[in-house]
Amino acid sequence: MAGTRIVDRLVALYLPLLLVLVFLLAPFYWMLITAMKPNSELYNGAISPLLVFEPTTEHFEYLWFKTDFIVWAWNTMFVSIASTVISIFFGVPAGYALARLRFRGADTISLGVFTTYLVPTTLLFIPMVQVMKVLNLLDTIVGLVVVYPTFLLPFTTWLMSGYFKTIPGELEECARIDGASRIMAMIRIAFPLAAPGIVSAGIFCFTLSWNEFIYALTLITSSQERTIPTGVLVQLTRADFYFWGPLMAGALCGSIPVALIYSFFVDQYAAGLTAGAVKG
């Protein structure tokens with residue numbers, strides 16, 4: 001009987017989890033082995049593409065010492081952190097206002113905020129280039145810091161609005177009865193309780209900024225101002241020829257910070273996202 005339960009558990013739980021794990025880790029494994037292969041193995045179709053026979057670090061050395069990857073990594077980190085801070089700073093109070101305050105047009109504004117988030121970037125990057133040109137922010141990473149919150153803020157506001165609706169309003173009312181102002185109740189009661197939602201919104205903003213491509217490609221032209229997604233693509237490709245080894249090394253190194261953030265805050269991210277989605 002015990003053996004049957006073990007077999008059922010293996011088939012119903014561990015085997016599906018193993019398949020999902022293999023499916024999720026397959027891209028990282030492919031990037032790793034491609035980055036570690038010498039060119040003699042990389043372009044040899046007669047050997048197995050899933051194995052590395054003579055691992056090398058030459059592609060990582062080329063990426064780190066013969067390209068501007070370190071500058072791109074710094075630019076990406078700066079833009080992602082600055083955009084995330086700006087989006088959280090304005091998006092969290094905006095979400096609180098839409099969830100708690102009663103004023104005319106609140107529902108319309110909520111719908112408008114969410115609709116704004118759905119507008120694709122491909123429709124906006126041409127007028128955004130004109131705006132950045134007028135502001136003299138073309139070809140600067142400051143321009144990206146200004147542009148990214150335009151699509152991060154709507155989602156942050158929508159997510160936080162939904163999350164604040166999951167927090168009982170009576171807690172803030174009790175604080176106000178005891179003499180706290182609306183702002184004090186918001187800061188000392190609502191914001192701490194909404195910490196998982198804030199973390200979730202922060203992770204989402206950071207990830208979206210880190211991986212953003214279209215604005216970074218159209219607004220930035222100089223190598224010293226590029227971010228990782230565009231820098232790797234522009235400097236490691238020549239027409240239809242791709243330097244697959246350094247490209248995969250860049251993709252692997254560029255994905256590490258996001259993977260670390262998700263691994264540390266995955267519980268808060270899941271809690272914040274599901275609560276905001278249910279009530280939003």
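The values are calculated or read from the model by the stated rules, or taken from the named source; none is laboratory data. All values reported here derive from a predicted model rather than from experimental measurement. Every residue, glycine as well, gets a Cβ built from its backbone with ideal geometry; the counts of neighbours run over all protein chains shown. Just the protein is used for accessible areas: all its heavy atoms, side chains included, with ligands, DNA and RNA removed. Shrake-Rupley method; radii C 1.70, N 1.55, O 1.52, S 1.80 Å.
Do any helices (runs of 4 or more DSSP H) lying entirely in region 1-82 carry at least 2 residues that are open to solvent by 70 Å² or more (accessible area, probe 1.4 Å) and either farther than 30 Å from Ile220 by Cα or small (Gly, Ala, Ser) (or both), and which ones are they?
Once the helices (runs of 4 or more DSSP H) in region 1-82 are filtered for at least 2 residues that are open to solvent by 70 Å² or more (accessible area, probe 1.4 Å) and either farther than 30 Å from Ile220 by Cα or small (Gly, Ala, Ser) (or both), what remains is 2-9, 15-36, 39-42.
Conditions (1) open to solvent by less than 40 Å² (accessible area, probe 1.4 Å); (2) at pLDDT 85 or above; (3) among the aromatic types (Phe, Trp, Tyr), marked per residue:
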position: Gly197; (1), (2), (3): yes, yes, no
position: Gly202; (1), (2), (3): yes, yes, no
position: Ile228; (1), (2), (3): yes, yes, no
position: Val232; (1), (2), (3): yes, yes, no
position: Leu252; (1), (2), (3): yes, yes, no
position: Gly276; (1), (2), (3): yes, no, no
position: Lys279; (1), (2), (3): no, no, no
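Scan region 184-213 for residues that are more than 21 Å from Pro257 (Cα to Cα) and in contact (Cβ under 8 Å) with a residue 12 or more places away in the chain and jot them down.
Ala185, Met186, Arg188, Ile189, Ala190, Phe191, Leu193, Ala194, Ala195
Only one of Leu159, Leu138 is assigned to a helix (DSSP H, G or I) and on the phi < 0 side of the Ramachandran plot. Can you tell me which?
That would be Leu159, the only listed residue that is assigned to a helix (DSSP H, G or I) and on the phi < 0 side of the Ramachandran plot.
If the requirement is being within 12 Å of Tyr163 (Cβ to Cβ), aliphatic (A, V, I, L, M) and part of a helix (DSSP H, G or I), which of these qualifies: Ile187, Ile198?
Of the residues listed, the single one that is within 12 Å of Tyr163 (Cβ to Cβ), aliphatic (A, V, I, L, M) and part of a helix (DSSP H, G or I) is Ile198.
Every residue in region 176-211 that is within 18 Å of Thr76 (Cα to Cα) and out of contact with any Leu (no Cβ under 8 Å at 6 or more places or on another chain), please.
Result: Gly202, Ile203, Phe206, Thr207, Trp210, Asn211.
Do you know which residues across region 163-179 are open to solvent by less than 30 Å² (accessible area, probe 1.4 Å) and of a type outside the set (Asp, Glu)?
Matches in region 163-179: Tyr163, Phe164, Ile167, Gly169, Ala175.
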